[in-house]
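In what follows, a structure is listed as structure tokens, so that the remarks can point back to it.
The values are calculated or read from the model by the stated rules, or taken from the named source; none is laboratory data. Model, not experiment: these values are computed from the prediction. A quick note on method: Cβ atoms are made from the backbone with ideal geometry, for glycine too, and the neighbour counts reach across all protein chains shown.
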Amino acid sequence: MSNSDPKARQRPGPWPPAPESSTMPSSSWAKRTGFRPKFSGETNASDSGQLVAVPQPPPPPQPASQPKPREPETQPHPRPQPQPQPQPQAQPDLEAGRTRAAVNGVSDNKDHTVKKRRDSDGPPAKGSGPNGQAQSGPTDHARRPTARSGEVVDVLPNDDDGFVGRPTHMKYELRDTPGLVPIGLYGFQHYISILGSLILIPLVIVPAMGGTYEDTSNVVSTVLFVSGVTTLLHTTFGSRLPLIQGPSFVYLAPALAIINSSEFQGLNANKFKHIMKELQGAIIIGSAFQTILGYSGLMSVLVRSINPVVVSPTIAAVGLSFYSYGFPLVGSCLEIGAVQILLVIIFSLYLRKISVFGHRIFLIYAVPLGLAITWATAFLLTEAGVYSYKGCDVNVPASNIISDHCRQHLSRMKHCRVDTSHALRSSPWFRFPYPLQWGTPVFHWKMALVMCVVSIIASVDSVGSYHASSLLVASRPPTPGVLSRGIGLEGLSSVLAGLWGTGTGSTTLTENVHTIAVTKMGSRRAVELGACVLIVLSLIGKVGGFLASIPEVMVAALLCFMWAMLTALGLSNLRYSEAGSSRNIIIVGLSLFFSLSIPAYFQQYGISPNSNLSVPSYFQPYIVASHGPFRSNYGGVNYILNTLLSFHMVIAFLVAVILDNTVPGSQQERGVYVWSEPDAARREPAVTKDYELPFRVGRVFRWVKWVGL
């Protein structure tokens, strides 16, 4: 009959037939009908790898050549026919990345698929698994330029600092090479913003070892050199993420424990070189253990037990463990130290949204700006004679001062004046740091075993940094093989640090994640260019001398901020899990409490209230090996147990890893890190280019799991 002929009579409906062309987007039915769901079928991978639904932006206006179907006249609300769920279509964002996750970054992933990440280098995944795991599928090459033009804004708002979720407005991502000038500028601000983490540790440990101003200058130059070399190695043959390598605060407490060992208390002549050689030997052995841990593939097995609930209290305990050093030393010159802390707080919090030429200079340069202003103020006060007292000389040793008036003001003159350091005058213009510059390392098995345990904590720290930074700048999280490769190379980097004599191991700095999120710069080339500049600066002895002349009270004030930031960065890993879960709250609470209480028991054991110790009060927690509760007939065993159990980070790690892996909990609740599958990663060119080793090294050693993807 004529009325049954579809060409003669075509009944419109809300669900038009599927498009004939297979290349038409599967969601085009919504564009033609104007259907706007409250939540689309597309989802984004949150930071934790869980999947959350995001609102779909309004569809663009249809061209005039495509008529819009009429709404049915007889059925104002027709019942939709069962249709297969449309394939997820990637909506271009400002940098072709994932948007902000839902509350707590967690959602059930049973009823949602993962939004595709657009990449112009090849076909991205048809969908993504948890945490951005790659799968195969078609792509649309025209999306990337649209995303960079900024025509589409974020669907859900990001944090002001872009820290909590993956910022969709990153200026440069992992493989972006915008040009020499932009790379140089962004690389410079990247290193300047993280400068405090690079130089502050030598300013603490060298004076504690009895080193002179010249020794401090040489160690600072060596740290800059080793940091530049190891950063280049890591971005080329390690995880290949834009992560700066340097002296980590994880190694600071073990270094102070070795420095304050009882066998070194009676040393006078060449005390600095003797203790440095002991540190070198311990670091080399511990780093060799970390190298084996990574390159043997054992890290891929160990990482199954390392989850956000473990990483969070462990890293937080590293920052909390130095409370006895921070403000007690700031109080030695309160008008300088307190101003330094207040300036950094004002710049990083109250003025963080002020932008100059598109850059949040106060947020990015909070530490160097605060240091420069405070240093200039202290210089003016010193030149004005505020800290000068008649008949008193700050360069005269305290034992030779007879006048009670001078003895009373000696501490104030020593800590408040800025002309007490001779590091800048005594340092040469050119100096090349070379291996074994302090002498042949000395190896003791008890100190080496302590460093082996510390290298595991450093690896746990790096696991969290790899995961968080990959969600910021890369197409997918790394595979377990890439993670093991990065840990193995960090071990080799720490071996180099031990040979050159930096006093600590060289590992991924935790502050990298905050710096990348704040500067919006994730280009690997920018970090590599900055590392080359760092190597050049290390050869100029006056640079090391200038940095070594920072007054001690300002160093303590900056460390107060850096350690507080480190604690916050550790706790921020909880955003990958269900932070409101009673299970996680109890585990993290117990880990943090016992990480403070148990070391306090070891540190106070056997010390009488009126005892006169030979070390300053802020170093007393690190002499526990001489008076701890373990007092067996084996002195080496006593040293290891008393020392390790006095470290806050070790206790936090042990409590968290045991509870998290024995207390029942779903993967969604625990926020288990999910890494990219090797087979799926090899099928996606974007992931391959992010993590594959250069110079065809990965192809030669493809049979070794920890080398390739």
Among the residues listed as L293, L256, the single one being out of contact with any Phe, Trp or Tyr (no Cβ under 9 Å at 6 or more places or on another chain) and either surrounded by fewer than 24 Cβ atoms within 10 Å (Cβ to Cβ) or of a type in the set (G, A, S) (or both): L293
Could you run through the range 573-593 and say how many residues are under 12 Å from V310 (Cα atoms) and not aliphatic (A, V, I, L, M)? 6
Going by the structure shown, is L200 under 21 Å from the mean Cα position of the chain (by Cα) and either among the acidic types (D, E) or not in a loop (DSSP other than H, G, I, E, B) (or both)? yes
Would you confirm, using the coordinates I've provided, whether T515 is assigned to a loop (DSSP other than H, G, I, E, B) and either assigned by TED's automatic domain parsing to the domain that holds I640 or over 28 Å from A448 (Cβ atoms) (or both)? no
Does A526 fit the bill of being assigned to a helix (DSSP H, G or I) and under 17 Å from L252 (Cα atoms)? no
Taking A458 and the conditions (1) at pLDDT below 90; (2) in contact with a helix residue (DSSP H, G or I) (Cβ under 6 Å, 6 or more places away or on another chain); (3) farther than 30 Å from W375 by Cα, which numbered condition does it fall short on, given that it satisfies the others? (1)
One residue from S312, S355 being in contact (Cβ under 8 Å) with a residue 24 or more places away in the chain and of a type in the set (S, T, N, Q): S312
Kindly indicate whether R304 is basic (K, R) and either outside the structural domain of S676 (by TED's automatic domain parsing) or more than 30 Å from L496 (Cβ to Cβ) (or both). no
Number of positions in the range 245-270 that are within 22 Å of I199 (Cα to Cα) and assigned to a helix (DSSP H, G or I): 11
Restricting the range 184-197 to residues that are aliphatic (A, V, I, L, M) and either closer than 23 Å to L558 by Cα or not assigned by TED's automatic domain parsing to the domain that holds H422 (or both), the one nearest to the chain's Cα centre (by Cα) turns out to be I194
When you go through A548, A531 one by one, which is the residue that is at pLDDT 90 or above, out of contact with any strand residue (DSSP E or B) (no Cβ under 8 Å at 6 or more places or on another chain) and crowded, with 20+ Cβ neighbours inside 10 Å? A531
For the condition touching a residue at least 60 places away in the same chain (Cβ under 8 Å), surrounded by fewer than 22 Cβ atoms within 10 Å (Cβ to Cβ) and aromatic (F, W, Y), what is the one hit in Y213, Y172, Y191? Y213
Could you please find all residues in the range 569-587 being over 16 Å from A317 (Cα atoms) and under 23 Å from the mean Cα position of the chain (by Cα)? R575, Y576, S577, E578, A579, N584
Consider S312 carefully, then state whether it is over 30 Å from S666 (Cβ atoms), under 22 Å from the mean Cα position of the chain (by Cα), at pLDDT 90 or above and not in a loop (DSSP other than H, G, I, E, B). no
Please note which helices (runs of 4 or more DSSP H) are completely contained in the range 585-680 and include at least 3 residues that are buried (at least 19 other Cβ atoms within 10 Å of the Cβ) and at pLDDT 85 or above. 635-644, 648-662
So, in the range 424-476, exactly how many residues are crowded, with 24+ Cβ neighbours inside 10 Å and in a loop (DSSP other than H, G, I, E, B)? 4
